[in-house]
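Take a look at the structure below.
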Amino acid sequence: MTATPTTMTRRNFNKGVLLSLGAFIAGCTPVKILFKAYPDEFKHNHSLQDEMLRAFAATIVPGVDRNTPKLTQIYYDEYYPFASYVPFFISDLDSRTKKVFAGRSFTSLSQSDRERVVLDAFRNGDSIIQRIYHGAIYMTRLNIYAGIYDDSRGCPHINFHGTSQNFVPDQMYYPNAKQYFARQTSLSGNPS
């Protein structure tokens, strides 16, 4: 029995390498991020990014008003490293939504369905996906509860009214605050 040699053409070899590379890029999160291997609509469509980030914020903090000004500003802030991952994060949200809910969009889902999409990232995502989602959740809570971009607005969820410009002095101070001060030991106020 004689074995016939198989001929590998250059074209078949290149095709095999490209298919292997494509599978590697499609399955490896760091490579997807590095090569920006996700649809262009998530890279350049700021209104789509903003709409999905607002839905994500409403998922993480139920009851938040999606129309709150500066709700998504923290995600784009260059001070935080998350800003460079926003398009990837949005594309991952979109692909998980389509996988879990058969082609529906993240923004059209109910609160509980959006929560299922986020939980899917923790259950089925690799460690990098989980870190990105943890960061996004932390930033969302920080922005909403601390009001870091709008001091005067405050946070109605925790009964924090923001700056105290809307309160009358009787609501802010004790009526006779001097009674709580220590007694002076000299006429000049110097205790020695």
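Inclusion of D94 among residues that are in contact with a Pro (Cβ under 9 Å, 6 or more places away or on another chain) and not in a helix (DSSP H, G or I) is not warranted. No other residue among F42, F56 is open to solvent by less than 10 Å² (accessible area, probe 1.4 Å), closer than 20 Å to L109 by Cβ, of a type outside the set (S, T, Y) and at pLDDT below 95 apart from F42. Taking (1) of a type outside the set (V, I, T); (2) assigned to a helix (DSSP H, G or I); (3) within 22 Å of R66 (Cα to Cα) in turn, R153 satisfies each apart from (2).
Does the stretch 101-120 include one or more residues that are touching a residue at least 24 places away in the same chain (Cβ under 8 Å), in a loop (DSSP other than H, G, I, E, B) and touching an Asp or Glu at 6+ places or on another chain (Cβ under 7 Å)? No, the stretch 101-120 contains no residue that is touching a residue at least 24 places away in the same chain (Cβ under 8 Å), in a loop (DSSP other than H, G, I, E, B) and touching an Asp or Glu at 6+ places or on another chain (Cβ under 7 Å).
The single condition from (1) modelled with pLDDT of 95 or more; (2) out of contact with any helix residue (DSSP H, G or I) (no Cβ under 9 Å at 6 or more places or on another chain); (3) of a type in the set (D, E, K, R) that R114 fails is (2).
The residues in the stretch 103-123 that are among the β-branched types (V, I, T) and farther than 14 Å from P62 by Cβ can be counted, and the count is 2.
Condition check ((1) in contact with a Pro (Cβ under 8 Å, 6 or more places away or on another chain); (2) open to solvent by 50 Å² or more (accessible area, probe 1.4 Å); (3) farther than 20 Å from T68 by Cα; (4) β-branched (V, I, T)) across all residues:
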residue	(1), (2), (3), (4)
F106	no, no, no, no
D113	no, no, yes, no
L119	no, yes, yes, no
R141	no, yes, no, no
G147	no, no, no, no
F160	no, yes, no, no
V168	no, yes, yes, yes
R183	no, yes, yes, no
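For the stretch 65-86, the set of residues classified as surrounded by 13 or more Cβ atoms within 10 Å (Cβ to Cβ) and part of a loop (DSSP other than H, G, I, E, B) consists of R66, T68, L71, T72, D77, Y80, listed by residue number.
The values are calculated or read from the model by the stated rules, or taken from the named source; none is laboratory data. Only a predicted model underlies this, so the values are computations on that prediction, with no experimental measurement involved. Note that we place each Cβ from the backbone using ideal geometry, even for glycine, and neighbour counts take in every protein chain shown. All accessible areas refer to the heavy atoms of the entire protein, side chains included, with ligands and DNA or RNA removed. Shrake-Rupley method; radii C 1.70, N 1.55, O 1.52, S 1.80 Å.
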